[in-house]
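Structure, as structure tokens:
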Amino acid sequence: LAIDNSCIVIFGASGDLTQRMLMPALYKLFTQQKLPTAFVILGVSRSTYSDQAFRDKLINNIPASAVINKQLLADFCQRIFYQSIDTANVNDYAILKDRISKLNDTFKLENNALFYMATPPSLYSVIAQHLAAHHLNNEQKGWKRLVVEKPFGYDLDSAITLDKALYQHFQEQQIYRIDHYLGKETVQNMLVLRFANSIFEPLWNGKYIDYIEVTGAEALGVEKRGGYYDGSGAMRDMLQNHLLQVIAMVAMEPPSVINADSMRDEVVKVLQCLKPLSEHDLKHNLVLGQYTESKVRGEDLSAYRAEAGVPDDSRTETYVGLKMFINNWRWNGVPFYIRTGKRMPTRVTEVVIHFKKTPHPVFSAHAPENKLIIRIQPDEGIVLGFGLKQPGSGFESQEVAMDFHYSDLKKTELLTAYERLLLDLIKGDATLFSRSDAVRACWNFVQPILDYKKRSFSLYGYASGTWGPVEAEHLLIKDGHKWRSPC
Ligand code: BG6
């Protein structure tokens, strides 16, 4: 796909996402000469900055180690501009249109524009509507793409309402819903591991797989995002989007080719097969937790309720543990255990495929388990664990591992998720962006949990720096399993 000359318009330009993620990623792509020959970045928000003041603010966020040479950074800055408008005021879009048009003429951007909404979600439909009021959605001359950040909706109904609002002005193929987990190299690698090798796929089903664990653990608490997080919780923040997307990559059927339609058709098929959660599941297969204060390695860690922006009687979960199933031929009866939480002992995202034991124990009753660990982050890689004979007399077996780390591919520098996805946006490759039907399928699956949380529900405390509430251990123990301890 071509990397067309284009104007990258970022709404919410003075915000955290733009400063911390988008700009450093664009700069990195620029240093690698991956951006189009002609491009500009136009930051848009309400704050008043001159172009130069905005550039200076951005430079401060680019790590010194990333500044390959000062001239390159200066060249990058020459492509950055800023326009202050009131995003909620339709009249201000005339000013924006005029600015885009001038930049377009000066830099020969071929009327292509990417509108990235790095704003609070309440502005998504407003921005789409106001852009359209000034025909900035019109693709007669040059493409126009709209990028929507997570969260896409707050529940199933609001996601449908947002879709409808966007569809009034943009076509589905113009809308790119970002889930940065799909931009992670190791998440994509799951597809290659499964579908480019003939040795795994024959075993990739309920006949050979006993159960699957998915862990998305973070060591940090909610930091300064208490205000946002308290209305969201781990369910909406991590499970509804990132972790269900990871599960889709693990569980989907092979697409016939890798392109946006084929891939996303398979993703939605598997997400639509997630077994609806029953009252029994909500009571027995779901554990919601919240971190409490504790001291870890001499450091005092505060309770969630003591975080800035969090009410001191908050019932928001910072941990979710869930046992779930997929209702289709491949996965019938295979439990998927998922957990995600803040303030856990370490930051790790991984998928562990536990294979069934041999049908008959020839050597010892305690034969090692066959498992495949797909480490999404950090120390990205894959580990295959299996049993071999212990040297010496007898036939005792011991567990050994075949271990691959991406860092062993010395020359390969992994693109960060945002680098990869920004590049795909400019190319117009929607393969790694969520389609509306997939987003709805995810909301549809978690909606019973959201409804359950409106009633009386159990919320368990767990000390900061631990693996979550003990009740979550029982989710596996009662099935004869145990969460893997990744550190
Ligand atoms: C974001 C969540 O979408 O993902 C954050 O809002 C979370 O709360 C983050 O920390 C995790 O992303 P990563 O890439 O650090 O695993």
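What follows is calculated from the coordinates using simple rules that are stated; it is not laboratory data. All values derive from a computational prediction rather than experimental measurement. Every residue, glycine among them, receives a Cβ derived from its backbone with ideal geometry; neighbour counts consider all protein chains shown.
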For the chain, give the magnitude of the charge dipole about the Cα centre (Cβ charges: +1 Lys/Arg, -1 Asp/Glu; no others), in debye to the nearest 20. 220
To make sure I understand, if each residue's beta carbon is the centre and we count other beta carbons within 10 Å, what order do 287, 40 fall in, fewest to most? 40, 287
How high is the FRET efficiency from residue 315 to residue 393, r the C-beta distance, R0 41 Å, rounded to 0.05? 0.10
Above 14 angstrom, tally the Cα pairs of the stretch 58-100 and express them as a % of all pairs, no decimals. 60
Name the long-range amide H neighbours of residue 210: under 5 Å, sequence gap of 5 or more, or other chain; modelled H, no Pro or chain starts. 354, 355, 356
Separation between the residue 363 and residue 158 pseudo-spin-labels, each 7 Å from Cα along Cα→Cβ, expressed in nm? 5.4
Considering only DSSP beta bridges whose two residues both sit in the chain, what percent are antiparallel, to the nearest 5? 55
Least to most buried among 213, 413, 399 (fewest other Cβ within 10 Å first): 413, 399, 213
Ranking 325, 308, 388 by how far each Cα lies towards the positive end of the charge dipole of the stretch 298-390 (+1 on Lys and Arg Cβ, -1 on Asp and Glu Cβ), the top one is 388
The simple spin-label model distance between residue 1 and residue 228, using points 7 Å out along Cα→Cβ, in nm, is 2.5
With a sphere of radius 11 Å drawn around the Cβ of residue 434, what net charge do the other residues whose Cβ falls strictly inside it have (Lys, Arg +1; Asp, Glu -1)? +3
Could you calculate the FRET efficiency of residue 173 with residue 37 from 1/(1 + (r/R0)^6), where r is the beta carbon distance between them and R0 is 25 Å, rounded to 0.05? 0.50
Please identify the longest segment of the chain free of exposed chymotrypsin sites (Phe, Trp or Tyr not before Pro), where exposed means a DSSP state other than H, G, I, E or B and no more than 12 other Cβ atoms within 10 Å. 1-328
Surrounding net charge for residue 194, when Lys and Arg each add one and Asp and Glu each subtract one, Cβ distance under 14 Å: -2
Classify the stretch 123-202: rounded, prolate or oblate, from the alpha-carbon gyration tensor (a ≥ b ≥ c, eigenvalue square roots; a/c under 1.5 rounded; otherwise prolate if a/b is larger than b/c)? prolate
Which listed pairs, of 224/478; 150/207; 34/70; 144/342; 102/184, have C-alpha distances above 28 Å, in listed order: 224/478; 150/207; 144/342; 102/184
For residue 262 paired with residue 219, estimate the spin-label separation in nm (one decimal), with each label point 7 Å from Cα along the Cα-to-Cβ line. 4.1
Order of 268, 257 from fewest to most other C-beta atoms within 10 Å? 257, 268
What value, in deg cm²/dmol to 500, does the helix sum -39500 (n - 2.57) over DSSP H runs of n ≥ 4 give at 222 nm once divided by the residues of the chain? -9000 deg cm²/dmol
With no solvent and one equal point scatterer placed on each C-alpha of the stretch 61-179, evaluate the Debye formula and give log10 I(q)/I(0) for q = 0.10, 0.21 Å⁻¹, two decimals. -0.38, -1.21
On each of the three principal axes of the Cα atoms of the chain, give max minus min coordinate, whole Å, ordered largest first. 79, 50, 47
Calculated Rg and Dmax of the stretch 280-348 using C-alpha coordinates, Å: 16.1, 50
Place a point 7 Å from Cα of residue 95 in the direction of its Cβ. Which residues in the stretch 1-22 have their backbone N less than 16 Å from it? 10-14
Arrange the peptides 19-25, 218-224 so that the one whose residues have, on average, the most other Cβ atoms within 10 Å appears first. 19-25, 218-224
Cross-link candidates for residue 108: which aspartates and glutamates have Cα within less than 13 Å, leaving aside residues fewer than 8 places away along the same chain? 4
Phi angles of the stretch 338-343, converted by Karplus (6.51 cos²θ - 1.76 cosθ + 1.60, θ = phi - 60°) into ³J(HN,Hα) in whole Hz with x for Gly and Pro, give 10, 9, 8, x, 9, 6
For the chain, with +1 on Lys and Arg beta carbons and -1 on Asp and Glu, the positive-most of 166, 240, 143 along the dipole: 143
Packing-based ranking, highest mean first, of 237-245, 126-134 given that Cβ atoms within 10 Å are counted: 237-245, 126-134
Considering amide H positions built from the backbone, and no H for Pro or chain starts, which residues 5 or more places from residue 144, or on another chain, come under 5 Å of its amide H? 113
Assuming 0.36 nm per residue, please report the length gained on full extension of the stretch residue 129 to residue 474 beyond their Cα-Cα distance. 119.3 nm
